[in-house]
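**Q** The following block contains the structure, expressed as C-alpha cells.
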Amino acid sequence: MIQYKITPIIIFALLLSKFSFAQEMLIKTEAVEIALENNYNIKIARNSVELASNNASILNSGYLPSVQGNAAINYSSGSSRAEFQDGSVRETDAAKSTAYSSSLGLNYTLFDGLGRKYNFARQKEFYSISELQMRQVIELNILDIFRAYYDVARLTTNELNQNETLAISRRRLDRARYGYDYGQNTQLDVLNAEVDYNNDSITYLTIILELENAKRDLNVLLGRDVNISFSVDTAIVYEKDITLDLLMEEAMENNVGILLIQGNVRTAEYDININRSGMIPRLDANAQYVWNQRNNDATNIFANNRNYGPQAGVSLSWNIFDGGLTKTRVQNAKITRDNELIALEQNGQILERNVNNAWAFYQNALFVLEAERKNLETNKNNFDRSVEQYQLGQINSITFRAAQLNFLNANLNFNQAKYDAKIAELALLQLSGYLMYANF
C-alpha cells in the first residue's frame, strides 16, 4: 500500500491561510485618509505650501515700514592742549570726555513704480502654484496607492480562488487514494493527483507570499509601519455616465498640469511688470527722533552739548539710464512669458492626446473585462459538467485537470481584468482633474 504524507510546504501554506483571516479591514476611504496624513511625499509638499504661504504674507510684501533703533556711548581719556586766538594756552592731562547718542527711525517706501505691488501678487501666485503642486503630488500618490491597494485586492481574490482549487485537488487526491485502496485506480492515478495537489500548494504559498509583499508595499505608500497586517475591500464600483466629451472638457479646465502652466504664465506677466518698475521714479520717506549728548573735557569752553528732537524727510530717486540693464530684463521676461504660452499650447495638445489614449485604453479594458466575464461563465459551466462526469467515471483525471486549470485561469484572468479596468478608470479621472472625487 502507498504511504501518504503531506509535505511541510503544504502545512506552511495552510497555516498562512489560517493566519490571513484574522486581520483588520482597511477600507478605501481610510487608506486615503492615512495617506493624506502620513505619506512622505505629501508631507514634503505640504511643507512647501507652508513656505510659499510665509512668502506670500504681508510681512514679506514690502508694504510695511521698517523701524530701526540705535544707541551708542563713547568714552575718551588722554592729554589735551588747546591754544586760543589771544595766545593763551590751556593744557590738561587725563582729559576725559563722554558722548551718548540714540535714535528711533522709521523708513517707508511711498512709491516704487508698482514693483512692490506686482512682487506681492507674484508671491501670491507662487503660493497658488505650490497648492497645485501639492495637489499634483497627492493625485499621483493616491493613484499609486490604489494601484497597490487593488494589487492587494487582486492577490486576495487569487488566494481565495487558489484555495478553492487546492481543496478540489485535495478531494481528487483523496478519491484517487480510496480508488487505489479498493482496486479501482492505478498507482499512476494517485501519483498524478498528488503531483497536481503539491503544485497547487506551491502556487498557493507563492500567492500568499506575494500578497504579504504587496501589503508591505502599500504600507510604505501609506507612510506607516510596513509590518501592519490588514485585509482590503475587494469590491469594485465603476463610475457611471462618463463620456469622452465631458472628460475632455473637465481636463482642459481642471487638469493640474495645465493649471500649473497657467500659473507660470501669470508669474511671467508679473515679472515683466516688476522689471518695468525699475524705469519709474521711486519716492521714500523717513522720520526719526534723535537724542545726543556730549560731556566735554576741561579744555572745551562748553561743559556739555545736547541736542534732541524729531527729524523727517522724503527722497526721490530715478534711475534715468542704467546702461540698458532694465530694458534687457524686461525683454527677457517677455520671452519667458512667450515660452510659457507656447508650453501651455503644447501641453494642451499633449493633454488632449493623453485623454484620448486613456479613454481608448479604458474602453478596451472594459471590453476585455466583459470578454473575460463571459469566458469565466463558459469555463465554470464546463468545469461543473466535468465534475459531474468525473464523479461518474465518464472522464479521466487528465481531462478533469484540464477543465480545472481552465476554470482557474479564467478566474485569474477575470480578476486581473476587473482591477485593470478600475486602474485605467482612475488614471483617466486623474487626467481630467476629477480623481479626488472619484468612486474608489
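**Q** Conditions: (1) open to solvent by 50 Å² or more (accessible area, probe 1.4 Å); (2) in contact with a strand residue (DSSP E or B) (Cβ under 8 Å, 6 or more places away or on another chain); (3) among the charged types (D, E, K, R). R175 meets all but one. Number of the miss?
**A** The one condition R175 does not meet is (2).
**Q** Let me ask something additional. Is there a residue in region 275-291 that is out of contact with any strand residue (DSSP E or B) (no Cβ under 9 Å at 6 or more places or on another chain), surrounded by 15 or more Cβ atoms within 10 Å (Cβ to Cβ) and acidic (D, E)?
**A** No, because not a single residue in region 275-291 is out of contact with any strand residue (DSSP E or B) (no Cβ under 9 Å at 6 or more places or on another chain), surrounded by 15 or more Cβ atoms within 10 Å (Cβ to Cβ) and acidic (D, E).
**Q** Any chance you could count how many residues in region 200-249 are of a type in the set (G, A, S) and assigned to a loop (DSSP other than H, G, I, E, B)?
**A** 3
**Q** I need the full set of residues from region 400-440 which are farther than 21 Å from Q162 by Cβ and hydroxyl-bearing (S, T, Y), in order please. Full working, then the answer.
**A** Going through region 400-440, the residues farther than 21 Å from Q162 by Cβ turn out to be 421-440.
Scanning region 400-440 gives S432, Y434, Y437.
Condition check ((1) assigned to a helix (DSSP H, G or I); (2) within 30 Å of T186 (Cβ to Cβ); (3) not basic (K, R)) across all residues:
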{"position": "E388", "(1), (2), (3)": "yes, yes, yes"}
{"position": "G393", "(1), (2), (3)": "no, yes, yes"}
{"position": "I398", "(1), (2), (3)": "yes, yes, yes"}
{"position": "N406", "(1), (2), (3)": "yes, yes, yes"}
{"position": "N411", "(1), (2), (3)": "yes, no, yes"}
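**Q** Out of curiosity, is A333 modelled with pLDDT of 95 or more, open to solvent by less than 50 Å² (accessible area, probe 1.4 Å) and within 30 Å of I142 (Cβ to Cβ)?
**A** Details: modelled with pLDDT of 95 or more: yes; open to solvent by less than 50 Å² (accessible area, probe 1.4 Å): yes; within 30 Å of I142 (Cβ to Cβ): no.
The answer is no for A333.
**Q** Right, here's the next one. Taking into account only those residues within region 348-392 that are aliphatic (A, V, I, L, M) and out of contact with any helix residue (DSSP H, G or I) (no Cβ under 7 Å at 6 or more places or on another chain), which is nearest to E425 (Cα to Cα)?
**A** If we filter region 348-392 for residues that are aliphatic (A, V, I, L, M), which is where we start, we get 350-351, 355, 358, 360, 365-366, 368-369, 371, 376, 387, 392.
Checking which are out of contact with any helix residue (DSSP H, G or I) (no Cβ under 7 Å at 6 or more places or on another chain) leaves us with 350, 360, 371, 387, 392.
Details: I350: 19, A360: 11, A371: 18, V387: 38, L392: 46 Å.
The residue in question is A360.
**Q** Let me ask something else. Identify the residue in region 227-249 that is among the charged types (D, E, K, R) and touching a helix residue (DSSP H, G or I) at 6+ places or on another chain (Cβ under 9 Å) and, among all such residues, is farthest from I34 (Cα to Cα).
**A** Narrowing region 227-249 to residues among the charged types (D, E, K, R): 233, 239-241, 245, 249.
From what's left, touching a helix residue (DSSP H, G or I) at 6+ places or on another chain (Cβ under 9 Å): 233, 239.
On the way: D233: 16, E239: 24 Å.
Once the filter is applied, the top-ranked residue is E239.
A quick yes/no check of all residues on (1) touching a Ser or Thr at 6+ places or on another chain (Cβ under 8 Å); (2) open to solvent by 20 Å² or more (accessible area, probe 1.4 Å); (3) more than 22 Å from E164 (Cα to Cα):
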| site | (1), (2), (3) |
| --- | --- |
| D200 | yes, no, no |
| I208 | yes, no, no |
| N219 | no, no, yes |
| V226 | no, yes, yes |
| K240 | no, yes, yes |
| M252 | no, yes, yes |
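**Q** Select from region 178-192 the residues that are among the polar types (S, T, N, Q) and touching a residue at least 24 places away in the same chain (Cβ under 8 Å) and write down the one among them that is surrounded by the fewest Cβ atoms within 10 Å (Cβ to Cβ).
**A** Q187
The values are calculated or read from the model by the stated rules, or taken from the named source; none is laboratory data. These figures come from a predicted structure and were not determined experimentally. All Cβ positions, glycine included, derive from the backbone under ideal geometry; neighbour counts span all protein chains shown. For the accessible areas, the whole protein counts, side chains as well, though only heavy atoms, and no ligand, DNA or RNA atoms are used. Shrake-Rupley method; radii C 1.70, N 1.55, O 1.52, S 1.80 Å.
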